[in-house]
Amino acid sequence: MTMEYVFISDLHIGGDEQLTTLDFGDELLVFLERLEERGGPVELIIVGDTFGLWEYTEVSGLDKLDALVADHPALFEQFRATGEEIQITLIPGNHDYDLACDPAYVDRLAEYNLSLEPEIYITREIGGATIWIEHGQQHDANNHMPDWGNADALPVGYFVVQRIVAAAGRYSDHARGNWLRDIQSVAPMEEIPHWLFSNYFYREMSPYLRAVIAPLLLFFNVSLLYLLGATLEEIGVLPTRFFLGNELVHALGIAGIVLEVIVAINVTIAAVLLLLAVPLWIFGRDLRHTLERFGVVASGIRVGQGDEPFLKAARDVFETRTDVAVYVYGHTHRASLTRWGDRLVLNTGTWLKKLQRVPTWFSRLPSVYYPSFRLNYYRIFSEGDHLVVEYEEIETDQPRDLTLFQRLVARRPSPEASIPARTAIDPSGPPAFLESRSDAESELPAESE
């Protein structure tokens with residue numbers, strides 16, 4: 001029988017307190033059960049970040065694995081059962097980098113029929129061609145491992161997870177709606193302050209305070225229009241007395257009086273902000289120059305740079321290894337398939353909740369982070385002289401987890417880029433990835449976050 005490879009990644013199982021919650025637990029068990037029932041020459045490869053080991057702060061070393069098993073006994077028993085029928089291989093990502101640093105993990109995971117290869121990349125042969133497999137963190141400046149396998153050589157991302165993400169897991173049950181644990185789904189990191197403010201406004205703010213502030217924000221643009229009309233009337237550009245003569249207030253009755261109060265408050269706020277704008281700009285500019293002198297701003301760290309560094313890495317592999325036909329990576333949580341002639345680049349995405357920042361129907365209200373799931377996997381097998389890549393998404397009935405107010409004001413998010421259900425390539429065919437950079441960049445998958 002023909003060998004078949006199945007790829008998933010970025011499960012992020014485990015972590016302090018609420019981070020250990022597995023939203024997709026039932027779907028993952030069913031997925032593993034079906035692979036078990038099917039059996040045969042199949043290898044499931046989890047392309048990094050299987051576990052959220054960085055997210056544990058109360059335990060260390062192999063105790064992290066014991067904590068994982070204690071929190072998810074059914075899952076590990078299913079790993080054991082599925083691993084008796086097919087091979088299950090793990091490679092380390094950044095969040096479970098511990099797996100690359102302690103050889104004892106190999107034997108401990110083998111107890112559950114999980115084969116750990118603590119390498120930064122691995123390869124597989126199929127149909128006379130090679131599949132290159134890596135998590136991809138080495139192409140991310142925040143999570144690049146400076147000395148692979150050294151437990152003390154940790155990137156910036158480790159400290160972000162330890163200080164911010166793990167803390168959110170510990171305090172999440174204090175929040176209204178347990179939303180803090182979703183911090184691991186916020187990407188890139190620059191989004192975290194906006195996400196925190198959005199959830200404060202829609203979930204944590206006193207409903208009485210929100211009832212006062214929301215109308216001010218909703219009618220802020222109306223207030224600016226009202227101010228403009230009053231100004232034009234005052235200088236004689238508009239001959240009517242619609243704004244200054246209170247005709248609008250009389251026409252609307254009580255609603256007009258309420259609107260006039262809101263407009264007066266908003267105009268006052270706008271005036272104060274206008275007065276503060278110049279000194280705040282001067283202060284911010286001076287602060288930025290000071291931080292640059294200390295080397296804080298100009299650190300060379302680029303966050304939220306999308307998939308470009310990973311596609312460049314794939315191009316380099318294809319150019320130096322002509323036998324490689326498929327390049328597989330994860331890390332960015334954005335599933336995609338990019339084709340360069342008879343070469344493919346696959347991003348395995350994530351099974352975590354995805355949060356997409358969407359604007360509201362009212363421009364002054366904070367954006368809403370719209371939740372969704374894209375539980376997906378790839379299959380690669382040979383068929384005659386071709387390699388076939390099949391892509392499938394698993395249906396889930398996970399709730400949208402938005403408040404009524406959020407659902408009312410949020411726009412619908414743009415759909416994620418579709419991925420072909422079946423793609424066939426001839427690995428002996430000519431690669432088409434040596435075209436000009438502008439042509440290659442036009443094929444970059446659209447960012448969904």
Item to check | Residue among 48, 39, 25 that alone is in the same structural domain as residue 92 (by TED's automatic domain parsing), of a type in the set (Gly, Ala, Ser) and in contact with a Pro (Cβ under 9 Å, 6 or more places away or on another chain) | outcome: 48
Next on the checklist: Can you say whether residue 102 is over 27 Å from residue 322 (Cβ atoms) and surrounded by fewer than 21 Cβ atoms within 10 Å (Cβ to Cβ), as far as the supplied structure shows?
Outcome noted: yes
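Taking the residues in the stretch 44-75 that are among the hydrophobic types (A, V, I, L, M, F, W, C) and over 23 Å from residue 165 (Cβ atoms) as candidates, determine which candidate is farthest from the chain's Cα centre (by Cα).
Restricting to residues being among the hydrophobic types (A, V, I, L, M, F, W, C) and over 23 Å from residue 165 (Cβ atoms), the top hit is 74.
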Checklist entry - Any idea which residue in the stretch 1-36 is farthest from residue 181 (Cα to Cα), counting only those that are touching a residue at least 24 places away in the same chain (Cβ under 8 Å) and among the acidic types (Asp, Glu)? => result 4
Checklist entry - Restricting attention to the stretch 313-363, which residues are β-branched (Val, Ile, Thr) and under 27 Å from residue 394 (Cα atoms)? => result 326, 328, 332, 338, 345, 348, 350, 358
Checklist entry - Can you tell me which residue in the stretch 111-142 is farthest from residue 426 (Cα to Cα), limited to those that are among the β-branched types (Val, Ile, Thr) and either assigned to a helix (DSSP H, G or I) or in contact with a Ser or Thr (Cβ under 6 Å, 6 or more places away or on another chain) (or both)? => result 123
Checklist entry - Out of curiosity, is residue 55 modelled with pLDDT under 95 and of a type in the set (D, E, K, R)? => result yes
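This table checks each residue for (1) among the small types (Gly, Ala, Ser); (2) without any contact (Cβ under 8 Å) to a residue 40 or more places away in the chain; (3) buried (at least 19 other Cβ atoms within 10 Å of the Cβ).
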residue	(1), (2), (3)
339	no, no, no
362	no, no, no
365	no, no, yes
381	no, no, yes
404	no, yes, no
Checklist entry - Taking the condition part of a helix (DSSP H, G or I), closer than 25 Å to residue 380 by Cα and modelled with pLDDT of 95 or more, does residue 32 pass? => result yes
Item to check | Boolean, residue 175 is without any contact (Cβ under 8 Å) to a residue 60 or more places away in the chain and in the same structural domain as residue 59 (by TED's automatic domain parsing) | outcome: yes
Checklist entry - Does residue 133 count as surrounded by 15 or more Cβ atoms within 10 Å (Cβ to Cβ), hydrophobic (A, V, I, L, M, F, W, C) and without any contact (Cβ under 8 Å) to a residue 60 or more places away in the chain? => result no
Next on the checklist: For the stretch 181-194, give me each residue that is in a helix (DSSP H, G or I) and either touching a Phe, Trp or Tyr at 6+ places or on another chain (Cβ under 6 Å) or free of Cβ contacts under 8 Å to residues at least 24 places away in the same chain (or both).
Outcome noted: 183, 193
Checklist entry - Can you name every residue in the stretch 46-90 that is touching a residue at least 60 places away in the same chain (Cβ under 8 Å) and part of a strand (DSSP E or B)? => result 47
Checklist entry - Can you tell me which residues in the stretch 143-180 are among the aliphatic types (A, V, I, L, M) and assigned to a helix (DSSP H, G or I)? => result 156, 160, 161, 164, 165, 166, 167, 168, 180
Checklist entry - Name the pairs whose Cβ atoms lie under 8 Å apart, with the first residue in the stretch 292-319 and modelled with pLDDT of 90 or more, the second surrounded by fewer than 16 Cβ atoms within 10 Å (Cβ to Cβ), and 6 or more positions between them or separate chains? => result 311/444; 319/434
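The values are calculated or read from the model by the stated rules, or taken from the named source; none is laboratory data. The model shown is predicted, which means the values in this text are computed figures rather than measured ones. Every residue, glycine as well, gets a Cβ built from its backbone with ideal geometry; the counts of neighbours run over all protein chains shown.
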